[in-house]
Amino acid sequence: MPPDCVGAGRAMRWRRFIVNGSHRESMMFAACARKAAALAFGVFALLCVGVDARAQPAPDYAAVIAARDRSDADRQADKRRDPIPFLTFADVRPGMKVLDMGAGGGYSTELLARAVAPGGVVYGQNPAELPERPKTAFEARLKTPAMKDVVVDIRPFDDPVPPDVHDLDLITFLFFYHDTTYMNVDRAAMDRKLFAALKPGGFLVIADHTALPGQGVSVGKTLHRIEESTLRQEIEAAGFRLVAEGNFWRNTDDTHDFPSYKPAMPVDNFVLKYQKPM
């Protein structure tokens, strides 16, 4: 009797065996070949489903924030950062490939990593000249289990994406775009490379501290702010399409005339969601 049709290798051996065999054996081989093809198609279909991370249900973001192994420092930062509306707005889901621009000490990077688990990955981008304090904090954070799905991405802002990284589901750029206005950064090149790194239909979520109308990028270094309309013009010039605005970090008590990093001061922050067209 011919062997069972289990595995492509065994099927091929059987095919060699039955070249000069009976018609009944040939029919049995054909049936096994059809089964193997159906199995292969099923595996391929499962892989295709896995590619679309947005098909996965959203995690319980409140549970992500409440995880027992989060540090006390991050819990304190939660009071100021209020991360649940952001995670909801960004629609972060398990299995996603995410680039976190300007990761700094890694507060948001870790939250993203927790939200994309299992099966996801977060690239935490920082420039080589990152100041010592956030650099040390990020390195310490990397030793924790929550960061197991984080890939360190030490690259300049205007060339932030590793050559082998593409088809990202999401890019986040939180409170750091204004810094690139006074650094030696080609922002047009940066925005184009972010656009190219996303898969069609992928999203860029960007947040920053609001400057007054007419200030543009002129207060990037002094007040650490940027005019929203200026940022929009730059991002949209790269091909991004605005799909949503988030008002959850707005603050009407901000007078916009002081540095955004001053403690205990009300800061007005805008949040924009862009998409790469399909």
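The values are calculated or read from the model by the stated rules, or taken from the named source; none is laboratory data. Predicted model only: the values in this text are computed from it and were never measured. Backbone-built Cβ (ideal geometry, glycine too); neighbour counts: all protein chains shown. What goes into the accessible areas is simple: the full protein's heavy atoms, side chains included, and nothing from ligands, DNA or RNA. Shrake-Rupley method; radii C 1.70, N 1.55, O 1.52, S 1.80 Å.
Against the numbered list (1) closer than 25 Å to residue 87 by Cβ; (2) free of Cβ contacts under 8 Å to residues at least 40 places away in the same chain, residue 229 comes up short only at (1). Taken over the stretch 152-185, residues that are of a type outside the set (A, V, I, L, M, F, W, C) and either in a helix (DSSP H, G or I) or touching a Phe, Trp or Tyr at 6+ places or on another chain (Cβ under 8 Å) (or both) amount to 8. Residue count for the stretch 221-239, restricted to those that are in contact with a helix residue (DSSP H, G or I) (Cβ under 7 Å, 6 or more places away or on another chain) and more than 18 Å from residue 185 (Cα to Cα): 1. Look at the stretch 134-162: where a residue is basic (Lys, Arg) and a partner is outside any helix (DSSP H, G or I) and surrounded by 15 or more Cβ atoms within 10 Å (Cβ to Cβ), sitting 6+ places away or on another chain with Cβ atoms under 6 Å, you get 141/106.
Using beta carbons and a limit of 8 Å, which pairs, at least six apart or on different chains, have the first residue in the stretch 190-205 and at positive phi and the second one surrounded by fewer than 23 Cβ atoms within 10 Å (Cβ to Cβ)? Between residues of the stretch 190-205 that are at positive phi and residues that are surrounded by fewer than 23 Cβ atoms within 10 Å (Cβ to Cβ), the close pairs are 201/275; 201/276; 201/277; 201/278.
Yes or no, residue by residue, for (1) surrounded by 14 or more Cβ atoms within 10 Å (Cβ to Cβ); (2) modelled with pLDDT under 95; (3) assigned to a loop (DSSP other than H, G, I, E, B):
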| residue | (1), (2), (3) |
| --- | --- |
| 202 | yes, no, no |
| 214 | no, no, yes |
| 224 | yes, no, yes |
| 266 | no, no, yes |
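For the stretch 59-70, the tally of residues that are open to solvent by 50 Å² or more (accessible area, probe 1.4 Å) and part of a loop (DSSP other than H, G, I, E, B) stands at 4. Among the residues of the stretch 178-195, is there at least one that is under 16 Å from the mean Cα position of the chain (by Cα), farther than 19 Å from residue 260 by Cβ and open to solvent by 30 Å² or more (accessible area, probe 1.4 Å)? Yes: the stretch 178-195 contains one or more residues that are under 16 Å from the mean Cα position of the chain (by Cα), farther than 19 Å from residue 260 by Cβ and open to solvent by 30 Å² or more (accessible area, probe 1.4 Å).
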